[in-house]
1. Express in Å², to the nearest 10, the accessible area of I92 obtained by rolling a 1.4 Å probe over the protein heavy atoms while all chains stay in place.
2. Given the whole protein assembly as supplied and a 1.4 Å probe, what does the accessible area of H239 come to in Å², nearest 10?
3. Once a ≥ b ≥ c are taken as the square roots of the eigenvalues of the Cα gyration tensor of region 33-103, is the result rounded (a/c under 1.5), prolate (a/b larger than b/c) or oblate (a/b not larger than b/c)?
4. Taking 0.36 nm per residue of separation and subtracting the Cα-Cα distance, what length does fully extending L72 through A144 add?
5. On a 1.4 Å probe surface of the protein chains, which of Y17, Y115, Y135 comes out largest in accessible area, and what is the full order?
6. To the nearest 20 Debye, how big is the dipole of region 1-158 about its Cα centre, given +1 on the beta carbon of each Lys and Arg and -1 on that of each Asp and Glu?
7. If a paramagnetic tag sat 7 Å from the Cα of T168 along the Cα-Cβ line, which residues of region 85-109 would have the backbone N under 19 Å from that point?
8. Measure out, as a whole number of angstrom, how far apart the alpha-carbon centroids of region 79-152 and region 1-32 sit.
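The values are calculated or read from the model by the stated rules, or taken from the named source; none is laboratory data. Treat the numbers as computed from the prediction; the structure is a model and nothing was measured. With ideal geometry, Cβ positions are generated from the backbone for all residues, glycine too; neighbour counts draw on all protein chains shown. Note: areas computed on protein heavy atoms with side chains; ligands, DNA, RNA excluded. Shrake-Rupley method; radii C 1.70, N 1.55, O 1.52, S 1.80 Å.
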Amino acid sequence: MTIILSFAAFGLFATRYAVLQKSLETLQKNRKEFVNFTPLWVASMAYDYTVASIVFIANIKMLRLFRFNRMLGFLMAVLANALPALASLGIIFIVAFAAYSLCPLLIFGSHVYTYSTFLRALETQFTTLLGRTEYFPLIKAVDAFWGPMIFFSFSFACVIFLMNIFVTVLNMSMNEVENNPDLMSPESEVVSFAVRSIKTALGIGKRDEDNGMEYYGTLDSMDARMASLSESLDKMLLHDLAEMTLQQRQLGEYRRKSSILQPLQKVRIKEGGGSLRASDKTNTVTE
């Protein structure tokens, strides 16, 4: 994706340069003639957006290199854990934001330039979301009732309500990641182990005077690891106990079946012995 955008940026840069040279030549030939700079503006805006997209994607890729850092790994784990809830909240935010952009467009679009198109209305509402309130006197002058009503309801719904829900979701996800270290990537642990090994080899790391062991981490992380180890041992013991119970049941079933079949076998053996004796008697009589 970055390579495609890079080639597109080169092409837009060449297009912008060619349009600029053509517009300047037209302007120099006849200064009284009207020169349309709209194609130049379009090419320039397309080039700026393309370069901004390349920089954004490059920064996102650079964050993957910082995943070995423990704090950034923790941040990425929090965002990954909160992704389903944030996706649902994002859908609600988009619907509410689009509604609060269409409403002033229909009411103030013919009077206020910043609400004349849907794109301008989106930009105006986004700047209002960031705390820019210079458009409030304009819409209030157009309609003294709907102007303040839309402004304050938008501020309450999007700025106060949805933003607080967003912070609450992140806070809950942070607590879950702190209480469950398995949600974090083990790559930071690998890097920490490598750094500890290098410090130990160089004699920089702190050691315990009693047993020569090296101290790192906190008691909370040790408690979490011990709890995880205890849970794993409990699962193993329950699995072994279930297997032993199943084997005992199978052995009991086998013994029960064998206790039923043994008398039948004895009866068959006796009947077989009686028939043999009868055949012997008949043989002696015939002789």
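1. Per-residue accessible area (I92): approximately 100 Å².
2. 100 Å²
3. Oblate.
4. Details: separation 72, 0.36 × 72 = 25.92 nm, distance 4.84 nm.
Gain on stretching L72 to A144: 21.1 nm.
5. These residues rank, largest area first, as Y17, Y135, Y115.
6. Charge dipole, region 1-158, about its Cα centre: 460 debye, nearest 20.
7. Residues passing the 19 Å test: 85-97.
8. For region 79-152 versus region 1-32, the Cα centre distance is 35 Å.
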